[in-house]
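The values are calculated or read from the model by the stated rules, or taken from the named source; none is laboratory data. Everything numeric here is computed off the predicted structure, so don't read it as measured data. Note that each Cβ is placed from the backbone with ideal geometry, even for glycine, and that neighbours are counted across all protein chains shown.
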Amino acid sequence: MNRNESLTILYARAVQGRQHRTRVATQTSVSGVVFAVVAASLTCMLFAGAQVRADIPELFPPIRDRALAAGHYIGRFQARRSEQRLGVLHSMWRDRPGEVFAIRSEAECLGDLSRAGIRWQQLGIRTRRVPAAVAVQSSINGVRFRKKRPDAPLIVACELATRLHVLADIVARHGINEVEVMSAFRRVPTTSYHHVGLAIDVTRLSGENLDLHLIDHYQVTPFVGTCEGDPPSNPNAAILRAIACEAWETGVFSSVITPNYGRGHENHFHFDVRPNDSMRFLR
Ligand SMILES: [Zn+2]
């Protein structure tokens, strides 16, 4: 290789290097421009989005109160539920518009419960279908409501807890101070008012000299209405019928179901309270 050839090669390399640097510089500046354009677009979109969101009114504001949210769930549950109490022989319906209630906020209902002197413990999110689920921890007007299963908590919706004094006062007049509850809140079936904490099943009522088991002492009347006809001659049966009929007369309970209902109700009273519903049912 002579000197001229060496100079030619060096020159060619220098030219290639300059071209490469120019290419890199061009690519870099193109990337920068693209990045800037994308960033600017995103910023504009975000800003515009925020503006649009601010302009749309909140048609369905989120329900932050858990009791009201559960009340909303119950409304949808009621709308899709088929009425199971129709066609029951010798049942009675009554319209009581004055007794209609709506689910209240947690604060309102729990405040009521405390003012009534009832000790309660609030439960958490695992019972989100139950408006203000509470475990009732004290007697109500001198009557103890206890679960049949030893040490199990009595869990109901606050709206039912605030109405239990009505039942307590009725049974107390008949010398009863303890009400055994077989079932209150339970998760299934989801067609039942138990799953929203608004129903209780009572299997046994006890007092100083009384121990009434629904399965043994309730006298069914298959051919006559529950509160029609003469009361049973057996005093224990008479007390149980009187309790059912007095609870029915108050209009507080949407359903008063006795062993007369049959079909799985042979051993208990079922009481429930149904929001936004004026109809009362007895069997
Ligand atoms: Zn029940």
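Overview of results
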quantity: Qualifying residue in the range 134-148 (condition: more than 19 Å from Thr250 (Cβ to Cβ) and within 16 Å of the ligand (Cβ to nearest atom)); calculated: yes
quantity: Residue match in the range 229-242 (condition: under 25 Å from the mean Cα position of the chain (by Cα) and either outside the structural domain of Val88 (by TED's automatic domain parsing) or more than 16 Å from the ligand (Cβ to nearest atom) (or both)); calculated: no
quantity: Filter pass, Ile170 being in a loop (DSSP other than H, G, I, E, B), farther than 17 Å from Arg66 by Cα and hydrophobic (A, V, I, L, M, F, W, C); calculated: no
quantity: Enumeration of residues in the range 177-217 that are in contact (Cβ under 8 Å) with a residue 60 or more places away in the chain and away from the ligand (no atom under 11 Å from the Cβ); calculated: Thr190, Thr191, Val196, Gly197
quantity: Complete set of residues in the range 221-262 that are aliphatic (A, V, I, L, M) and surrounded by fewer than 16 Cβ atoms within 10 Å (Cβ to Cβ); calculated: Val224
quantity: Top-ranked residue of the range 257-283 - restricted to ones that are within 14 Å of the ligand (Cβ to nearest atom) and among the charged types (D, E, K, R), ranked as nearest to Phe101 (Cα to Cα); calculated: Arg274
quantity: Failed item in (1) surrounded by 14 or more Cβ atoms within 10 Å (Cβ to Cβ); (2) in contact with a helix residue (DSSP H, G or I) (Cβ under 8 Å, 6 or more places away or on another chain), with Gly71 passing the rest; calculated: (2)
quantity: Selected residue (only one of Val134, Val188 is β-branched (Val, Ile, Thr) and surrounded by 16 or more Cβ atoms within 10 Å (Cβ to Cβ)); calculated: Val134
quantity: Residue within the range 244-256 that is in the same structural domain as Tyr73 (by TED's automatic domain parsing), charged (D, E, K, R) and within 16 Å of the ligand (Cβ to nearest atom) present; calculated: no
quantity: Residue count for the range 132-151, restricted to those that are part of a loop (DSSP other than H, G, I, E, B) and under 21 Å from the mean Cα position of the chain (by Cα); calculated: 2
quantity: Count of residues meeting criterion [in contact with a Phe, Trp or Tyr (Cβ under 7 Å, 6 or more places away or on another chain) and in a loop (DSSP other than H, G, I, E, B)] in the range 101-131; calculated: 2
quantity: Flag for Asp216 being of a type in the set (Asp, Glu), surrounded by fewer than 18 Cβ atoms within 10 Å (Cβ to Cβ), in a helix (DSSP H, G or I) and assigned by TED's automatic domain parsing to the domain that holds Ile140; calculated: yes
quantity: The range 166-199 - residue that is β-branched (Val, Ile, Thr) and over 15 Å from the mean Cα position of the chain (by Cα) and, of those, farthest from Leu113 (Cα to Cα); calculated: Ile176
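Per-residue answers, yes or no, for (1) among the β-branched types (Val, Ile, Thr); (2) over 20 Å from Arg146 (Cβ atoms); (3) part of a loop (DSSP other than H, G, I, E, B):
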position	(1), (2), (3)
Glu178	no, no, no
Thr203	yes, no, no
Phe223	no, yes, yes
Gly229	no, yes, yes
Pro232	no, yes, yes
